[in-house]
1. Enumerate the aspartates and glutamates that LYS212 could reach by cross-link, defined here as Cα to Cα under 20 Å, with residues fewer than 8 away along the same chain left out.
2. Suppose all protein chains stay in the model; what accessible area per residue would a 1.4 Å probe give for segment 34-119, in Å²?
3. Based on the mean of other Cβ atoms within 10 Å per residue, sort peptides 8-19, 33-44 so the most packed one is first.
4. In segment 167-229, what percent of the accessible surface is made up of carbon and sulfur (1.4 Å probe, ligands and nucleic acids excluded)?
5. When we measure straight from the Cα of LYS108, which lysines land under 19 angstrom away, once same-chain ones fewer than 8 places off are left out?
6. Straight-line reach from LYS208: which lysines have a Cα under 20 Å away, not including same-chain ones fewer than 8 places off?
7. Which order do the peptides 220-227, 75-82 take when ranked by the mean count of other beta-carbon atoms within 10 Å per residue, highest first?
8. With θ taken as phi - 60° and the coefficients 6.51, -1.76 and 1.60, list the Karplus ³J(HN,Hα) couplings across segment 175-188 in order, rounded to whole Hz; mark glycine and proline as x.
Amino acid sequence: DGTLLGDDHRIAPETLAAVRRACDAGIRFMVATGRNFPGAMEELKGTELTCDYVVSSGAEVRNPQQEVVKSTPISIELCEEVYNTAKKYPVSVAFFTDRYDYRIGTKKEIEDGIIQQIRLFNMDIDTSELKENPAVAVASSFIYNQEITAVEAQKGPVLKEYIESLGYTMDEVMVLGDSLNDYSMISMDFGATVAMENAVPEIKKAAKYITKSNNEFGVAYAIDQVLER
């Protein structure tokens with residue numbers, strides 16, 4: 001969302017064509033997303049892409065055969081600790097697994113939370129209490145959410161470990177992103193770190209390059225720049 005996908009949360013034909021050109025040139029394509037695996041597959045339905053998957057912001061890695069290569073879940077004890085902190089705020093708390101999503105609260109609290117999410121409300125809360133916990137990582141995909149994972153489950157370090165296990169080095173990798181849950185990738189010394197034109201300021205500042213926006217097929221533009229060189 002905001003990188004590979006346009007504002008309609010779909011992958012444009014122009015972007016899909018560029019990804020296929022990259023694959024045909026021998027480049028290995030990977031999806032790194034805050035979505036869980038079923039959510040990612042829903043958006044890629046019909047594309048017939050063969051790729052690797054870093055999903056749930058790094059909590060799970062799957063190979064092109066869709067087999068789980070690595071899983072870094074939050075323990076039940078840590079979930080409880082995070083929930084007890086988050087429930088102090090007037091927000092809906094959801095837990096995401098590799099198969100299902102769960103919301104905790106009364107029927108009204110859950111309904112209100114879903115409605116608020118649909119309206120893309122600005123969740124302006126103080127997350128410092130969560131960030132002080134060294135066992136978790138706190139990031140966001142949109143202005144209305146805070147994503148909490150185990151501290152080991154961040155896109156950048158997880159991607160580095162995975163690509164090195166496949167025999168690649170960091171300078172052979174280009175990463176693209178737009179939101180704060182991409183910061184752990186964009187801030188690392190991969191060969192090319194690329195921010196979307198529609199990226200948040202922190203991502204643009206950390207990136208080595210800036211491509212066009214997601215609605216202007218920025219991923220396709222970046223891929224074609226690589227292929228031309």
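The values are calculated or read from the model by the stated rules, or taken from the named source; none is laboratory data. Fair warning: this is a prediction, and the values are worked out from it, not measured in the lab. Positions of Cβ are backbone-derived with ideal geometry, glycine not excepted, and every protein chain shown enters the neighbour counts. Accessible surface is based on the protein model in full, side chains and every heavy atom, while ligands, DNA and RNA are left aside. Shrake-Rupley method; radii C 1.70, N 1.55, O 1.52, S 1.80 Å.
1. Partners within reach: ASP1, ASP7, ASP8, GLU14, ASP178, ASP182, GLU197, GLU202, ASP224, GLU228.
2. Details: 5420 Å² over 86 residues.
Value returned for segment 34-119: 63 Å² of accessible area per residue.
3. The packing order, highest mean first, is 33-44, 8-19.
4. On the way: 1650 of 3220 Å².
After summing per-atom areas, the C and S share lands at 51 percent.
5. Within the straight-line limit of under 19 Å, LYS108 reaches these lysines: LYS87, LYS88.
6. Reachable lysines: LYS155, LYS160.
7. Working: 220-227: 17.8, 75-82: 13.1.
The packing order, highest mean first, is 220-227, 75-82.
8. Going residue by residue, I get 10, 10, x, 9, 10, 5, 7, 9, 4, 5, 7, 5, 7, 8 Hz, with x marking Gly and Pro.
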